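The values are calculated or read from the model by the stated rules, or taken from the named source; none is laboratory data. Values in this document were obtained by computation on a predicted structure and should not be read as measured data. Backbone-built Cβ (ideal geometry, glycine too); neighbour counts: all protein chains shown.
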Amino acid sequence: MAAPIRFHKTRRAHAANVYRLLGRDEDALTYALGHLMAIDDRFMIEVLKRIGVLQRIPGKQYKAYRRNYTIHLQELREIGPSGRRDIVIQAGGPNGLRAVVEAKIGKGQPDACQLLRYTVGCDCHKLSPRTRNQIAQAWENWNEKFIVALTRDSLDSGVRRKVEGRLNGSGIQLRTAQWHQILEVALHRREQLPGDSPQSLFAGEFIDFFREHYDVKYYDAEVLIADVDARNAGIYWKGHAYVGGMRRSAPLYFAPYFTRKNREAGLSYISRVLHVEMIDNLDADRAFRTLNSYFSLKPNLNERWQTHWKIGLQMIFERAAEGKWGGLGRVYFLDEPVKIRDVPLRKRNFPRIPFNYGGNITVADLIVGKALGQEPLP
């Protein structure tokens with residue numbers, strides 16, 4: 001017989017969880033992820049497929065990778081004083097695949113230097129020629145080479161461009177992933193496993209640990225869900241924008257439900273809402289002048305304005321003119337679309353998404369839910 005144990009270091013006691021013994025910091029979560037990949041080869045493969053390291057080929061078993069792989073945590077080898085690798089995955093034998101994962105939790109983001117120093121070296125650290133040579137040797141015998149930035153939010157586009165530019169010609173590829181993708185894989189994997197298997201038990205522990213002890217407000221955040229027809233889908237994909245909804249407070253995320261006229265109906269993607277603006281649908285010149293001035297003072301948003309949002313706003317005005325829309329409209333300027341489901345979430349009990357729908361639905365609900373309109377979602 002075993003006694004229940006609870007942790008009382010904080011005001012609110014936590015139920016026992018094997019991964020809770022690791023702590024609550026960044027290292028603890030990466031240790032937990034590394035352990036789960038080490039004891040479940042199929043979970044490891046699904047993670048690599050989900051983050052784009054392995055190509056998803058229907059029916060392929062990936063036996064060469066599953067039978068011969070190692071997981072290294074907090075590896076210092078060949079780096080010298082420049083830091084430590086959070087997770088290193090080596091699979092498929094000595095000439096197979098090598099993926100180095102740099103993980104951050106919360107709002108933290110790796111800078112270009114952190115990603116480059118594990119691959120081709122950076123300009124920030126004065127590494128000796130011997131250390132640089134050791135880093136290069138660690139990569140040279142692998143056929144498939146990846147550096148992975150695992151973060152809560154999408155990786156900064158400027159960091160991505162700088163890293164990809166420096167990696168050009170090295171044979172090492174950059175992949176970006178977000179923690180909700182790992183959560184999704186763990187949830188799906190647990191459903192596949194026998195409930196009494198060790199892998200299922202540890203998958204459940206990982207999911208509970210992740211959702212209880214980390215910055216899950218990101219996953220419990222309010223979502224605006226709306227029907228998006230083929231025309232508005234173009235605005236979403238090309239312009240990273242959506243117009244509609246008049247909530248007093250802006251949602252943190254927008255989730256488009258693509259209607260039947262789209263190539264793939266249902267809900268599979270979300271985007272962070274980065275800025276909200278009330279505009280007059282009949283005064284395009286004023287809107288562009290106002291937003292040009294506003295975004296010019298915010299470098300972190302101005303790039304998105306120049307590359308996507310300006311296009312999206314123009315498409316919104318064109319549609320407004322065709323549909324004779326009038327008055328004020330609320331425009332949601334969005335981050336890049338992120339896929340959260342391989343199988344789209346579908347509606348239940350209603351033909352159209354109600355106005356301002358989603359206030360009591362979270363990102364986590366969308367990841368694990370069976371159908372929209374079935375409240376509360378599983």
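Given the criteria at pLDDT below 80, over 25 Å from MET44 (Cα atoms) and not assigned by TED's automatic domain parsing to the domain that holds GLY121, does ARG247 qualify?
Yes; evaluated as a whole, the condition is true for this residue.
Looking only at the range 85-104, which residues are more than 23 Å from the chain's Cα centre (by Cα) and either assigned to a strand (DSSP E or B) or charged (D, E, K, R) (or both)?
ALA91
What about VAL368, is it modelled with pLDDT of 80 or more and β-branched (Val, Ile, Thr)?
Judged against the criteria, VAL368 is not a match.
Looking at this structure, is GLY195 on the phi > 0 side of the Ramachandran plot and out of contact with any Pro (no Cβ under 9 Å at 6 or more places or on another chain)?
No: the conditions fail for GLY195.
Does ILE71 satisfy the criteria of being surrounded by fewer than 13 Cβ atoms within 10 Å (Cβ to Cβ), assigned by TED's automatic domain parsing to the domain that holds GLU191 and aliphatic (A, V, I, L, M)?
Details: surrounded by fewer than 13 Cβ atoms within 10 Å (Cβ to Cβ): no; assigned by TED's automatic domain parsing to the domain that holds GLU191: yes; aliphatic (A, V, I, L, M): yes.
No.
Quick one: LEU97 ticks every box in (1) of a type outside the set (D, E, K, R); (2) in contact with an Asp or Glu (Cβ under 6 Å, 6 or more places away or on another chain); (3) over 22 Å from ARG66 (Cβ atoms) except a single one, so which number is it?
Looking at each condition in turn, LEU97 falls short on (3).
Are there any pairs with C-beta distances below 6 angstrom linking a residue in the range 128-147 that is in the same structural domain as VAL47 (by TED's automatic domain parsing) and among the basic types (Lys, Arg) to a residue that is surrounded by 17 or more Cβ atoms within 10 Å (Cβ to Cβ) and in a helix (DSSP H, G or I), with the two at least 6 apart or on different chains, and if so which?
Filtered contacts from the range 128-147: LYS145/TRP139.
Of the conditions (1) among the aliphatic types (A, V, I, L, M); (2) in contact with a Gly (Cβ under 9 Å, 6 or more places away or on another chain); (3) without any contact (Cβ under 8 Å) to a residue 12 or more places away in the chain, ILE57 fails just one. Which one is it?
For ILE57, the exception is condition (2).
Just the residues that are surrounded by 20 or more Cβ atoms within 10 Å (Cβ to Cβ) and either within 19 Å of SER154 (Cα to Cα) or touching a Leu at 6+ places or on another chain (Cβ under 6 Å) (or both), please, taken from the range 274-322.
If the condition is that a residue be surrounded by 20 or more Cβ atoms within 10 Å (Cβ to Cβ) and either within 19 Å of SER154 (Cα to Cα) or touching a Leu at 6+ places or on another chain (Cβ under 6 Å) (or both), then PHE295, ARG304, TRP305, TRP309 are the ones that fit.
In the range 265-313, which residues are over 28 Å from ASP365 (Cβ atoms), in contact with a strand residue (DSSP E or B) (Cβ under 9 Å, 6 or more places away or on another chain) and among the hydroxyl-bearing types (Ser, Thr, Tyr)?
Those that are over 28 Å from ASP365 (Cβ atoms), in contact with a strand residue (DSSP E or B) (Cβ under 9 Å, 6 or more places away or on another chain) and among the hydroxyl-bearing types (Ser, Thr, Tyr): THR290, TYR294.
Are there any pairs with C-beta distances below 9 angstrom linking a residue in the range 156-169 that is under 11 Å from VAL120 (Cα atoms) and modelled with pLDDT of 85 or more to a residue that is in a loop (DSSP other than H, G, I, E, B) and of a type in the set (A, V, I, L, M, F, W, C), with the two at least 6 apart or on different chains, and if so which?
Listed by first residue and then by second, the contacts come to VAL163/LEU155; ARG166/VAL120; ARG166/CYS122; LEU167/VAL120.
Here's the yes/no breakdown for (1) in contact with a Phe, Trp or Tyr (Cβ under 9 Å, 6 or more places away or on another chain); (2) not in a helix (DSSP H, G or I):
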| position | (1), (2) |
| --- | --- |
| GLN61 | no, yes |
| THR70 | no, yes |
| GLY106 | yes, yes |
| THR131 | no, no |
| ALA149 | no, yes |
| SER154 | no, yes |
| GLY158 | no, no |
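Which condition breaks for VAL47 when tested against (1) modelled with pLDDT under 90; (2) of a type in the set (A, V, I, L, M, F, W, C); (3) part of a helix (DSSP H, G or I)?
Here VAL47 meets the rest and fails (1).
For ALA149, only one of the following conditions fails: (1) over 23 Å from the mean Cα position of the chain (by Cα); (2) modelled with pLDDT of 85 or more; (3) of a type in the set (Gly, Ala, Ser). What is its number?
(1) is the only condition that ALA149 fails.
Quick check on the range 106-134: of everything there that is at pLDDT 80 or above and among the aliphatic types (A, V, I, L, M), which residue is surrounded by the most Cβ atoms within 10 Å (Cβ to Cβ)?
Checked the range 106-134; the qualifying residue surrounded by the most Cβ atoms within 10 Å (Cβ to Cβ) is LEU115.
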